[in-house]
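Asks: Structure incoming, see below.
The values are calculated or read from the model by the stated rules, or taken from the named source; none is laboratory data. Predicted model, so just to flag it, every value in this text is computed and none were measured. Cβ placement follows ideal geometry from the backbone for every residue including glycine, while neighbour counts extend to all protein chains displayed. Note: areas computed on protein heavy atoms with side chains; ligands, DNA, RNA excluded. Shrake-Rupley method; radii C 1.70, N 1.55, O 1.52, S 1.80 Å.
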Amino acid sequence: MQEIVNHYKTHDVYKLCDYLQIKVLPSNLGKSKCLLQYYKAKPIFHVHQELKHKRFYVAYLLGHFFFNFAPEQMMAFNKIKKREASIFATELLLPDYILYPHLNTIKGKSAEEIANFFDLPTLAIRIKMKSVSDKKLHFIRY
């Protein structure tokens, strides 16, 4: 993932999509949050128009795009692939060097409060809490 950020010089998911010529379309997907589709050999990301954290779901679809998706496997994602894409999205949007300067600000806050601070879903904060190797986030309330 860091190679992608270094190559394109951005964490901005919409700029990445522009560079990769991926269309991001707001859609009414019913109960689904997002969808990766190929149309005429071009990838299209559909993101539910009413989602609060659209940026996270675009990053999630980028994870599938880079690591899991094949056009002939339309939406055949299993739980492992969903987990990998969620981790990719979390690390793309909240890498350690963005998180660590804010440790004093988020100290003692719940995962939900931290998610609001970074404008991410709580899932992303829970993933990040599990991934921090030096346990600097041990102060977060559950």
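Asks: Sorted by accessible area (1.4 Å probe), largest first, how do 105, 122 line up?
Replies: So the residues, ranked largest to smallest area, are 105, 122.
Asks: What is the local net charge at residue 33, summed over the other residues whose Cβ is closer than 12 Å to its Cβ (Lys, Arg +1; Asp, Glu -1)?
Replies: Taking every other residue near residue 33 into account, the sum is +3.
Asks: Can you tally the net charge around residue 50? Count Lys and Arg as +1, Asp and Glu as -1, for every other residue whose Cβ sits under 14 Å from the Cβ of residue 50.
Replies: Surrounding charge for residue 50 is +4.
Asks: Which net charge results when you count Lys and Arg as +1 and Asp and Glu as -1 among the other residues whose beta-carbon is under 9 Å from that of residue 127?
Replies: Working: positive: 83, 126, 128, 130; negative: 91.
So the environment of residue 127 carries a net charge of +3.
Asks: For the pairs 31/107; 40/128; 54/109; 33/130; 23/107, flag any whose C-alpha to C-alpha distance is greater than 31 Å.
Replies: The answer is 31/107; 40/128; 23/107.
Asks: Given the Cα-Cα distance of residue 2 and residue 119 and 0.36 nm per residue of separation, how much length would full extension add, in nm?
Replies: Numbers: separation 117, 0.36 × 117 = 42.12 nm, distance 2.10 nm.
Length gained between residue 2 and residue 119: 40.0 nm.
Asks: Could you work out how much longer the chain between residue 42 and residue 83 gets when fully extended? Use 0.36 nm per residue separation minus the Cα distance between them, nm to one decimal.
Replies: 12.3 nm
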